[in-house]
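Trainee: Starting off with a structure, shown below.
Here, each number is a calculation from the coordinates, and none is a lab measurement. This one's a predicted model, so the numbers in the text were calculated from it and none came from an experiment. Cβ atoms come from the backbone with ideal geometry, glycine included; neighbour counts cover every protein chain shown.
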Amino acid sequence: MKLYQYPSAFGLPCPSPFCTKAEVLLKMSGVDYVDHRVNDPRKGPKGKLPAVEFDGRLVGDSELIRFELEKRTGIDLDAGLSPQERAASHAMARLVEERLYWAIVYERWMDDDSFAVIRKAYFSSLPPVVRSILPVIARRQVKGYLHGQGLGRHTREEITAFGILDVEALAVQLGDRQWMMGDEPTSLDATAWAHVVNIAIPEHDRSPLRQAVLGNDALMAYANRGMRRWFPEYLQD
């Protein structure tokens, strides 16, 4: 299997929560895979990354990748969960991916200070002319995506409040457990952990979302726990 995802940045395995989710799913499934780093999302069959190549066929979208992994390996990533727990896990994952993710996108791309960090990390290696034009175009596109999704129609204060509520919901779900649903990771952790570590990166020091995660000892321990389990090579001394 081959995983196609964006290059590492900010001391993270990948700055895309969905790419990180896909890699965690691969690790949780225990399969062997080759990690390919690419900048062009058009490498994915849906014009987005991540994508995983299964026997020469590319599968895009992290959730479709999960379905394909479970079908091919026979592994149930939510083994041991009751129907009610599976439903709660599904609902929590959708909260993270359909709203908290967009709050992260808003902070990264619409806040001027955060965008300066994004611009340097994503575009600094490009030729000078392209480097001056492409970030402006990309930021305008992201603004359009946010507006189309709906979150971008709100004020900055409203978006921040929504995101913090979602972070607090994750903290409540985690409680005093090791993982979101119990003693062992499940599919929800691939989603939730990937987003939590992306929020906690120090490059976005003034981010209200980051402060909400930093202020919760359980979430920070959770972030470190997942890093030790899945990506120990990225742990900082």
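Trainee: Just going by the charge dipole of the range 68-157, with Lys and Arg at +1 and Asp and Glu at -1 on Cβ, which of V136, A88, A121 is farthest out on the positive end?
Mentor: So the residue we want is V136.
Trainee: Here is a further query. 222 nm [θ] for the chain, helices only, -39500 (n - 2.57) per DSSP H run of 4+, per residue, to 500?
Mentor: Theoretical 222 nm ellipticity from helices: -18000 deg cm²/dmol.
Trainee: Using Cα pairs under 8 angstrom and six or more residues apart, how large is the relative contact order of the range 2-73, in percent?
Mentor: After rounding, I find 34 percent.
Trainee: I've got another one for you. Would you work out the charge dipole size for the chain about its Cα centre, treating the Cβ of every Lys and Arg as +1 and the Cβ of every Asp and Glu as -1, and quote it to the nearest 20 debye?
Mentor: The dipole magnitude comes to about 980 debye.
Trainee: What is the antiparallel percent of DSSP beta bridges lying wholly in the chain, to the nearest 5?
Mentor: Beta bridges within the chain, antiparallel portion: roughly 70 percent.
Trainee: Which of the three applies to the range 2-73, rounded, prolate or oblate, going by the alpha-carbon gyration tensor with a ≥ b ≥ c and a/c under 1.5 meaning rounded?
Mentor: The shape class here is oblate.
Trainee: Ok, one more. Over the chain, calculate the relative contact order: mean separation of alpha carbon pairs under 8 Å at least 6 apart, over the residue count, as a percent.
Mentor: Relative contact order here is 21 percent.
Trainee: Compute the FRET efficiency between A91 and Q211 as 1/(1 + (r/R0)^6), taking r as their Cβ-Cβ distance and R0 = 30 Å, and round to the nearest 0.05.
Mentor: Calculated transfer efficiency: 0.70.
Trainee: Please list the non-local residues whose amide H lies under 5 Å from the amide H of K2, H modeled 1.01 Å from N, same-chain partners needing a gap of 5 or more.
Mentor: V34, E53
Trainee: Let me ask something else about it. Filter the DSSP H helices in the chain by two things, a Kyte-Doolittle mean of at least -0.5 and an axial alpha-carbon span of 24 angstrom or more, and list the hits by number.
Mentor: Correct list, ordered by number: 128-149, 156-174.
Trainee: Per 0.36 nm of contour for each residue apart, how much would the distance between V136 and A79 grow if the chain were fully extended, relative to their Cα-Cα spacing?
Mentor: 16.0 nm
Trainee: If you don't mind, there's one more thing I want to ask. Which entry is the computed Kirkwood radius over Cα pairs in Å for this structure: [x] 21.9; [y] 18.9; [z] 18.4?
Mentor: Only one option fits the structure, namely [z].
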